[in-house]
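First comes the structure, then the notes that go with it.
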Amino acid sequence: MIVAAASCGRQSAVESVSYDVALDSIILSDPCVLADSASGLYYMTGTGGRLYKSPDLKNWAGPYDVVEFDTASWTGSHPAIWAAELHHIGDKYYYFATFTNESLIADSVRNLPRRASAVFVSDSPDGPYRPAGSDYLPADKLTLDGTYWEENGKKYMVYCGEWVQNDNGTIESIELTDDLGGSVDSTACVLFRASDSPWSREVVDGKELGYNRVTDGPWLFRTATGRLGMIWTSWIYHTYTMGVAYSESGTLAGPWVQVAEPVMPADYGHGMIFRDFEGRDILSLHSHSDVNGRYIRRPTFWRVDLSGDSLRVVERL
């Protein structure tokens, strides 16, 4: 492993970038990969908001610090960053992420800090990424894990409504303006709720709830037949697990029907799908382990088959 001073984004001189970093040595939640054909490189980000890049999905350089905040906005200068994603749309690169500012209280009843999904933009996949807008949803609504979807010429953010606020997590959508600088209006469409899951479970106050209240990590995809699906993650008691739902209408509006069993083995979740430079569909998600009460999460890649009418996980790379 070679370590050198960084020259990308906002990395300071005292921080460093490592080269030839093996994938299984990286600790990263919610890994999202952009296969950038212009540069011939893969770009990976996730929770923490920092960036890795690789020519082959095996050896990585990073982490790079690539986000620049508007310190006058609600995020402040040092928000927590969750579940960052990269999307190449038109001639720009967009950075969807969840930001939490602990110094701002969004829900005074529950004493919850402001947390919201927002969009940043750059001319380059390397950044720097700067705010494309500010407020996409009402300030008192906690959202997370925003992702991008385009349908019938309209652009959408699909995200989770925070279960700690609504007690029954949701997957929702809002329509975005064409420049992704804001929402068309603040009217959200609830696609489904945590309680719709047939496979998740939770015990609350000693009683079996029958579902888990958490919704996490939505990602939309189409199969070769045009069927619209969504992977998303929750828990089966203390086990992190990912399931899949399909839209009966073939559109974002649904209705969404949940597959009865999880699509992944236990302790894998928060996935996304990209096509690699060999033309394979790859599922990127993290493994999850609990070591003495500390979550350890590492990015893993799995080949998936979308050639039929549903997602099929083939093998781990």
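Quick look at the numbers
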{"read-out": "Estimated dipole of the chain in Debye, rounded to 20 [Cβ of Lys and Arg +1, of Asp and Glu -1, Cα centre]", "value": "400 debye"}
{"read-out": "Spacing of the two label points (7 Å from each Cα toward its C-beta) at ASN166 and ASP70, in nm", "value": "2.6 nm"}
{"read-out": "Cα-centre dipole for region 53-199 with unit charges at Cβ (Lys and Arg positive, Asp and Glu negative), debye to 20", "value": "260 debye"}
{"read-out": "Per-q log10 I(q)/I(0), region 62-141, q = 0.11, 0.22 Å⁻¹ (Debye; single scatterer per alpha-carbon; no solvent)", "value": "-0.29, -1.01"}
{"read-out": "Length released on extending from THR251 to SER310, taking residue separation times 0.36 nm less the Cα-Cα span", "value": "19.7 nm"}
{"read-out": "Accessible area (Å², per residue) of region 16-79, counting only protein heavy atoms and a probe of 1.4 Å", "value": "38 Å²"}
{"read-out": "For region 91-192, alpha-carbon Rg and Dmax in angstrom", "value": "13.7, 43"}
{"read-out": "Equivalent ellipsoid, region 160-317 (semi-axes from 5 times Cα gyration tensor eigenvalues, Å)", "value": "24, 22, 16"}
{"read-out": "Charge dipole magnitude, Cβ of K and R +1, D and E -1 - region 169-232, Cα centre, debye nearest 20", "value": "380 debye"}
{"read-out": "With every protein chain in place, region 150-306: carbon and sulfur % of accessible area (1.4 Å)", "value": "46 percent"}
{"read-out": "Kirkwood Rh and Cα Rg combined as Rg over Rh, evaluated for the chain", "value": "0.94"}
{"read-out": "Among PRO218, PRO55, PRO125: highest mean-square fluctuation, GNM of the chain, C-alpha pairs under 10 Å", "value": "PRO55"}
{"read-out": "Share, in percent, of DSSP beta bridges within region 33-166 that are antiparallel, nearest 5", "value": "95 percent"}
{"read-out": "Cβ-derived FRET efficiency at R0 51 Å, TYR19 paired with LYS154, nearest 0.05", "value": "0.80"}
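The values are calculated or read from the model by the stated rules, or taken from the named source; none is laboratory data. Since this is a predicted model, take the numbers as computed values, not measurements. For neighbour counting, all protein chains shown are included, and Cβ atoms are generated from backbone atoms with ideal geometry for every residue, glycine included. SASA here: full protein model, heavy atoms, side chains in, ligands and nucleic acids out. Shrake-Rupley method; radii C 1.70, N 1.55, O 1.52, S 1.80 Å.
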